[in-house]
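All remarks here apply to the structure that follows.
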Amino acid sequence: MNDSLRKEIENDFHSHDLTVPKFVLAPMVRYSKLAFRLLVSKYGADICYTPMIFANCFCTNKRCTVAEFTTVPGERPIVQFAANNAEEFAYAAELVYNDASGIDLNCGCPKKSVTSKKCGSELLKNPEIIADIVKQTRNRISDSDFIVSCKIRIDDDLNKTVDMVKKLESAGLNRITVHGRTKDQSSNESLFANGGVYKYEDLIEVAKITKADGIMVANGLLENPALFSKQKYPSLECIKDFMELESKHGLIYDLYHQHLIFMMRHMMSKAERLHFNELRDVVSLKSFLNSYINF
């Protein structure tokens with residue numbers, strides 16, 4: 001993002017008496033891999049999260065470690081882990097410390113494949129475990145610049161959530177990400193709002209409502225990786241940038257194809273979308289792209 005665009009965005013927010021929040025790529029299973037993180041960073045993301053990784057596998061299986069987390073010098077994402085064991089989470093933090101700006105504990109995923117392992121939203125039933133995970137991680141990594149954060153869901157009884165957040169803050173938590181909550185209902189650590197952003201204007205609306213320190217976006221960035229740069233749709237330049245990043249850093253074909261489906265469907269006719277969706281190999285995909293956008 002160039003300086004003039006950054007100034008324009010500052011003016012947009014200042015006109016509503018708002019400070020520009022951090023623009024954040026959410027952790028998305030499969031999708032927030034290295035190539036995509038680098039793309040959204042180029043187009044305005046301040047912070048990027050990795051997909052959720054099971055800490056147990058990451059700590060005990062070298063193949064899992066290499067397969068699940070790749071980065072390049074200077075990137076330093078937040079690495080999100082699913083864990084229910086303080087020792088494993090703290091060790092995972094040590095493993096990524098030199099290559100990441102922080103670590104995040106997933107306390108929000110409701111999927112059975114996660115909750116059956118006593119991870120994700122299942123952890124919210126035991127706030128003491130979450131606090132112990134945070135505390136032990138902070139004991140192992142005292143660097144205050146290294147973020148230890150949690151992504152949570154809100155309890156029906158909001159007071160329970162507020163009490164839990166205060167306990168986590170006391171344990172050493174730096175940051176918390178929640179859905180649809182205002183700054184007044186949080187504590188002193190950084191608050192990221194998550195959900196409801198599909199276009200640039202939504203960022204301002206969420207900032208108005210929440211006064212959050214950061215705004216986390218998931219699906220809106222899949223369809224438009226340049227959303228933070230005020231683009232209504234991803235430009236051809238943005239799409240080409242993604243293709244170049246994929247060629248350098250690699251994605252499995254199905255994932256690469258799906259990213260392009262998300263990014264390009266706004267510019268295709270129904271017939272073109274149907275044809276594009278049916279492409280099953282890199283050769284036919286690149287042939288289509290060469291003819292369609294002269295890549």
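Observations on the structure shown:
- Pair list, Cβ under 6 Å, 6 or more apart: region 263-281 residue closer than 19 Å to K232 by Cβ, other residue of a type in the set (A, V, I, L, M): M263/I239
- Residue match in region 26-44 (condition: basic (K, R), at pLDDT below 95 and outside any helix (DSSP H, G or I)): yes
- Unique match (being under 25 Å from S32 (Cβ atoms) and of a type in the set (V, I, T)) among I78, I129: I78
- Residue match in region 62-70 (condition: surrounded by 20 or more Cβ atoms within 10 Å (Cβ to Cβ) and in contact with an Asp or Glu (Cβ under 9 Å, 6 or more places away or on another chain)): yes
- Answer residue from region 75-97, given it is of a type in the set (A, V, I, L, M) and more than 13 Å from G120 (Cα to Cα) and is surrounded by the most Cβ atoms within 10 Å (Cβ to Cβ) among those: V79
- Extreme residue, surrounded by the fewest Cβ atoms within 10 Å (Cβ to Cβ), among residues of region 153-176 that are at pLDDT 90 or above and within 24 Å of L203 (Cα to Cα): N174
- Selection of region 64-84 for residues being at pLDDT 95 or above, polar (S, T, N, Q) and either within 19 Å of M28 (Cβ to Cβ) or part of a strand (DSSP E or B) (or both) yields T71, Q80.
- Of the criteria (1) in contact with a strand residue (DSSP E or B) (Cβ under 9 Å, 6 or more places away or on another chain); (2) hydroxyl-bearing (S, T, Y); (3) closer than 27 Å to R30 by Cβ, which one T161 fails: (3)
- Leading residue by the ranking (nearest to the chain's Cα centre (by Cα)) among those in region 146-175 that are among the small types (G, A, S) and on the phi < 0 side of the Ramachandran plot: S149
- Looking across region 98-127 at every residue that is surrounded by 15 or more Cβ atoms within 10 Å (Cβ to Cβ) and polar (S, T, N, Q), the one that is nearest to the chain's Cα centre (by Cα) is identified as N106.
- Residue within region 85-101 that is modelled with pLDDT under 95, part of a helix (DSSP H, G or I) and either not assigned by TED's automatic domain parsing to the domain that holds P27 or not aromatic (F, W, Y) (or both) present: no
- Residue list for region 128-145, restricted to those being in a helix (DSSP H, G or I) and under 23 Å from the mean Cα position of the chain (by Cα): I130, A131, I133, V134, T137, R138
The values are calculated or read from the model by the stated rules, or taken from the named source; none is laboratory data. Keep in mind it's a predicted model, so treat the numbers as computed, not measured. FYI the Cβ positions are ideal-geometry reconstructions off the backbone, even for glycines, and counts take in every protein chain you see.
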